[in-house]
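Working notes, structure below.
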Amino acid sequence: MIEKNSSLKTFNSFSIDAHAHLLFHFQQLSQLPELLTLIKKMRSLNKPVLVLGGGSNTLFCNDFSGLVIKVELMGITQSEDELHHLLQVAAGENWHQLVKSTIQQEIYGLENLALIPGVVGAAPVQNIGAYGVEFKDVCVSVDYVDLIDGELKTLSNEDCLFAYRDSIFKGELKDRTLITSVSLKLPKQWQAHCRYGLLKDLDETEASVSALQIFDNVCRIRSEKLPDPRVLGNAGSFFKNPVVSANLAEQLLSHHAEMPNYPQADGMVKLAAGWLIDQCGLKGKTIGGAAVHKDQALVLINNGNATAQDVIQLAWFVREQVLQKFAVLLEHEVRFIDALGETNLQRVINNV
Ligand code: EPU
């Protein structure tokens, strides 16, 4: 189904009222030839094409002048081998519903990733992660349509080049893939992961800790700390946690001994963007209808009537304040989409 000049307000968790010139609801693989013809036409007219999942990590900076493809492919196939549960999940399935249904079926391994907004097809793109587990830990392979040659292809876990909030789909394959499904492998011999931060209270050495307990705890912590996008528009963590040199981390720690820091295998040190923003006194800071969340500084919210420009100005302000105070440049995790396709904060702000 194709819509013209369609509002994207309900298709982005920031609830920004941008419009798409064309909106294609991709619900069946059988629509692929029609979709590929349309993409070809858009390309010949020099119009941009955007693949949209749940819109939970997307900021529409203004109306989109090309074709938005809303991925709504559904279906889950389950099988098993001696040691694993195997799931093939279509890209349009809701991520949290998937996590919930596996737990209900006593298939464990996704519990740490509960309540992450968005759809399954978006999970590999930014290698979603929370509480010590990342998508890459459960992924076998990713199926996608190559939008350049129209072919259906599969990438193994290794070929996806997963890293912290990163993958080949944000790099070499950016703008040329439409993920159709993912294959997951969950060991029957379940292993708890609760060493991370707020899950530490559940002792993973204790045999009694269950996946359900972890699931419940993650849901509780996330509901307490992160605003529900259905109530208050937001896109989860707005910025990535910055990874800095050991030298800079040491200098910062000499002034701020309490600064959260996570040394990485390669010698670099990951810092907590939320803490850095919080230390700048920015919780609750408002520009127009956009605000830094009062409880979690890493989340920017739409107070109800924010324009994309409000959010952009606020993001820029936050970035500048952190840069001035800590000499750390925050990179946004949220995708900025302007009329002509994807862009970055620096470019957007230059055009404001
Ligand atoms: N902190 C503050 N003030 C704040 C926010 C955080 O001082 O306003 C401190 C916390 O006290 C803690 C540290 O910063 O010491 C880290 O905070 P937290 O454990 O809440 O995690 P985070 O770094 O803010 C990351 C992910 C989240 C994920 C959580 C849990 C990124 C960018 N964000 O947040 O992912 O749920 O860890 O694993 O990596 C998302 O990507 O949208 C997301 C929510």
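Quick one, can you get me the convex hull of the C-alpha atoms of region 227-350 expressed as volume per residue in Å³?
119
Quick check on the chain: take the gyration tensor over C-alpha atoms, sort the square-rooted eigenvalues as a ≥ b ≥ c, and tell me if it's rounded (a/c under 1.5), prolate or oblate.
Oblate shape, in that a/c is at least 1.5 and b/c is the bigger or equal ratio.
Where does each of 282-290, 52-60 land if you order them by average Cβ count within 10 Å, highest first?
The packing order, highest mean first, is 52-60, 282-290.
Can you give the accessible area per residue of the chain, in Å², using a 1.4 Å probe?
47
How large is the dipole of region 76-222 about the Cα centre if only Lys and Arg carry +1 and Asp and Glu carry -1, each at its Cβ, rounded to the nearest 20 debye?
Taking the Cα centre of region 76-222 as origin, the dipole is about 460 debye.
Among F169, F14, F326, which one shows the biggest mean-square fluctuation in a GNM of the chain, springs joining Cα atoms closer than 10 Å?
F326
Just I103, I16, I312 to compare: in a GNM of the chain, with alpha carbon springs under 10 Å, which one fluctuates most?
Greatest mean-square fluctuation among the candidates belongs to I103.
Working with all protein chains in place, sort S208, S167 by solvent-accessible area computed with a 1.4 Å probe, largest first.
Ranked from most to least accessible, the order is S208, S167.
Cβ neighbours within 10 Å, averaged per peptide: list 220-228, 111-119 in order, most packed at the top.
111-119, 220-228
Excluding I107 itself, what net charge comes from residues whose Cβ is under 13 Å from its Cβ, given Lys and Arg +1 and Asp and Glu -1?
With Lys, Arg at +1 and Asp, Glu at -1, the neighbours total 0.
Extension gain Q324-E34, at 0.36 nm per residue separation less the Cα-Cα distance, in nm?
On the way: separation 290, 0.36 × 290 = 104.40 nm, distance 5.06 nm.
Full extension from Q324 to E34 adds 99.3 nm.
Would you mind working out the magnitude of the charge dipole of region 227-350 relative to its Cα centre, with +1 at each Lys and Arg C-beta and -1 at each Asp and Glu C-beta, to the nearest 20 Debye?
It comes to approximately 180 debye.
Heavy atoms only, probe 1.4 angstrom, no DNA, RNA or ligands counted: give me Y144, Y196, Y108 ranked by accessible area, highest first.
In descending accessible area the options line up as Y196, Y108, Y144.
Full-extension gain between D266 and S44, please, as 0.36 nm times their residue separation minus the C-alpha to C-alpha distance.
Numbers: separation 222, 0.36 × 222 = 79.92 nm, distance 4.44 nm.
Between D266 and S44, full extension yields 75.5 nm more.
Would you list which lysines come within 22 Å of K70, measuring only between C-alpha atoms, while excluding same-chain residues fewer than 8 positions from it?
K4, K9, K40, K41, K47, K153, K170, K174
In whole Hz, what ³J(HN,Hα) sequence does region 187-196 give by Karplus (6.51, -1.76, 1.60; θ = phi - 60°), x for Gly and Pro?
Here the 3J(HN,Hα) series is x, 5, 7, 6, 10, 6, 10, 9, 7, 6 Hz.
Cut-off under 21 Å on the C-alpha distance; same-chain residues fewer than 8 positions from K283 excluded. Which lysines are left, in chain and number order?
Hits, sequence-local ones excluded: K225, K240, K294, K325.
For region 76-222, give the percent of accessible area contributed by carbon and sulfur heavy atoms, probe 1.4 Å, rounded to a whole number.
Looking at region 76-222 in its full context, I get 48 percent from C and S.
In percent, what relative contact order does region 54-207 have, based on Cα pairs under 8 Å that are 6 or more apart in sequence?
Relative contact order, region 54-207: 25 percent.
Take E224 and Y164, extend 7 Å from each Cα along the Cα→Cβ direction, and tell me the distance between the two endpoints in nm.
Reported label-point gap for E224 and Y164 is 2.5 nm.
Between M74 and A339, what is the spin-label point distance in nm, taking each point 7 Å from the Cα along the Cα→C-beta axis?
3.6
With a 1.4 Å probe and all protein chains kept in place, how do C194, C219 rank by accessible area, largest first?
So, going from the largest accessible area down, we get C219, C194.
Over region 76-222, consider all pairs of different Cα atoms and compute the Kirkwood hydrodynamic radius from their mean reciprocal separation; express it in Å, one decimal.
About 15.7 Å, per the Kirkwood formula over Cα pairs.
Pulled fully out, how much extra length does the chain show between Q313 and L83, if you take 0.36 nm times their separation in residues and subtract their Cα-Cα distance?
On the way: separation 230, 0.36 × 230 = 82.80 nm, distance 5.08 nm.
That pair, Q313 and L83, stretches by 77.7 nm at full extension.
Which of the helices in the chain meet the span-like rule: DSSP H, Cα axial reach of 24 Å or more, Kyte-Doolittle mean at least -0.5?
308-326
The values are calculated or read from the model by the stated rules, or taken from the named source; none is laboratory data. Every value quoted in this text rests on a predicted model; they were computed, and no experiment measured them. All Cβ positions, glycine included, derive from the backbone under ideal geometry; neighbour counts span all protein chains shown. These area figures cover heavy atoms from the full protein model, side chains too; ligands, DNA and RNA do not enter into them. Shrake-Rupley method; radii C 1.70, N 1.55, O 1.52, S 1.80 Å.
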